[in-house]
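Student: Just dropping this structure here.
Nothing in this text is a laboratory measurement; each read-out follows from the coordinates by a stated rule. All figures in this text were calculated on a predicted structure; none of them were measured in a lab. Glycine also receives a Cβ, built like all others from the backbone with ideal geometry; neighbour counts cover every protein chain displayed.
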């Protein structure tokens, strides 16, 4: 024990001398002395350098997946020792950290040894992560062997994780603890665990990605069409795709492929990339272990009149779209109809509604809550029938006498009238029977009435009573949610802003538009309107800034936050805006460690500040 303490004293003295005159003592190992020289050459300040933070980490990578079982195992084996097990990527950035004791975790937080922070030698000097990359071999850096003052209390043991095929270092596995708890056995433990991870990398072929790639290659080899594969974060396209379509068109095709992947039915569709430029998409889902890994679509340009021959299943769609285009050619108005929108799904909805009205077919308009189903069908109707009128009956208002006024209006109908039955999926059994009776009566009249009903597509697979009404409708149209209309978002924001600004001179800054574009808008147009109204309370005139938007607009996490978490999120957003985006100042204002702030940013999905 005394020998260990004396050795550390000699190394501490050697470090002090090196920082003073740049000379290394023989008491320091060759690996450490070489690392000190690299750190000094990189300009690392031993007293003030901070670990940089990165927000572009892949925390669901193959490396993380193959490492987790090994980390779980050694966490159990060392549960009685206060230590921390960290995994980094190939750029010395910490991907994950597992603590056996909250005390060691708190101490490491204070030196920003936490997920997202980079521990390359060029940033913080000699340490158990960066020095592995610098030396290319396993290392243990104990106490004063660290270059940075703040790391002196720790002992870190790291081993490289190499790609078993190329030999390239994919990451580092590191065990960190206080110097008094360090043992040479940790060196062997980390090396063994790193080898286990390498073996997992060799065995793991990422079956989902591999299956998607194999299907892509197979279809590309036997097809002369453009071929695009989409699954998870993977996107593949062949040379013909890149030669036929612009980058913007390729992005539209990729987004529509993702839509087809999640949509019911066969992944088969026809979309318009630009006026007169249609493409057909025929997709093949890739299933691995009962789960969908992705979709591979063949994309072909469609010549006029070629749809029926090329893809018989889309003949009806093509005919409806041609009729709708002819019908709407001279009826452009304030809403974004097909020719004014760049979203293929919105174009499809507009054309489908127009075609149904033109054919006098009873129309079912489906979509998420707040996506604009009612507004779209009524506005398209008045574009097609400028002198017509609309009569609306909401499911929540239906009673035994609900249709008295409607029946009277139908009997005395002199103008074309659109009858809209809103939210029929919310009808009770009695309500369904009453509406069924009314629709049967309406069908026996010769009055110029159009019929449309709206419902949430989330209830299509349910056994709710409204399903008994579906026999009354000849056509169904799905209105896309706001998150699938990214191409139209600037125009949508501008139109909504006009509606809520009461004639004031207002706009949205590019930075605020980036925030809006990054949010998923689960309540669609209604929530966008709510957010802009809230922003106008903070900035009634002028250009809306990111800080004017509600806190949830900066939230992209995939989970629902609790009430307390939402309050905490809003406080963090406010502190970041007040600090001009400076994380260090924001953490100080909030009274939390910088690493704790970064963990909360990741947990809450705050990525726009």
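Student: How would you rank 127-136, 112-121, highest first, on the average number of other Cβ atoms within 10 Å across their residues?
Tutor: Per-residue Cβ counts within 10 Å, averaged per peptide and sorted highest first, yield 127-136, 112-121.
Student: Count the DSSP beta bridges whose two residues both fall in the chain, then state the antiparallel fraction as a percent rounded to the nearest 5.
Tutor: Here the share of antiparallel DSSP bridges comes out near 70 percent.
Student: If the chain between residue 218 and residue 359 were fully stretched, how many nm would it gain, using 0.36 nm times the residue separation less the Cα-Cα distance?
Tutor: 46.5 nm
Student: Oh, and also: Need one number: nm distance between label points at residue 603 and residue 34, each 7 Å from Cα along Cα→Cβ, rounded to one decimal.
Tutor: Label at residue 603, label at residue 34, 4.1 nm between them.
Student: Separate question: If you build the Cα gyration tensor of the range 463-609 and take the root of 5 times each eigenvalue, what three semi-axes come out, in whole angstrom, biggest first?
Tutor: Its equivalent ellipsoid spans semi-axes of 33, 22, 12 Å.
Student: Please state, as a whole number in µm²/s, the translational diffusion coefficient that the Stokes-Einstein equation yields for the range 2-203 at 25 °C and 0.890 mPa s, with Rh defined as the Kirkwood radius across alpha carbon pairs.
Tutor: 146 µm²/s
Student: Continuing with this model, one more query. Against the longest alpha carbon principal axis of the chain, how many degrees, from 0 to 90 and to the nearest 10, is the axis of helix 373-384 turned?
Tutor: 40 degrees
Student: Rounded to the nearest Å, what's the spacing between the alpha carbon centres of the range 163-239 and the range 1-71? Just the number, please.
Tutor: Here the answer is 27 Å between Cα centres.
Student: Moving on to the next point. Could you let me know the centre-to-centre spacing of the range 458-497 and the range 99-132, using Cα atoms, in angstrom?
Tutor: One Cα centre to the other: 49 Å.
Student: I'd like to compare 470-482, 9-21: which one has the highest average count of other Cβ atoms within 10 Å, and what's the full order after that?
Tutor: Numbers: 470-482: 18.6, 9-21: 15.2.
In decreasing order of mean packing, 470-482, 9-21 become 470-482, 9-21.
Student: Could the peptides 544-553, 454-463, 517-526 be put in order, highest first, of the mean number of other beta-carbon atoms found within 10 Å of their residues?
Tutor: 544-553, 517-526, 454-463
Student: Please determine, in degrees from 0 to 90 and to the nearest 10, the orientation of helix 489-500 with respect to the longest principal axis defined by the Cα atoms of the chain, where the helix direction is its Cα long axis.
Tutor: The helix 489-500 is inclined about 70 degrees to the chain.
Student: What value does the chain have for Rg/Rh, both radii from Cα atoms and Rh as Kirkwood defines it?
Tutor: 1.09
Student: How far is helix 2-21 tilted off the main Cα axis of the chain, in degrees rounded to 10, range 0 to 90?
Tutor: Roughly 80 degrees between the two axes.
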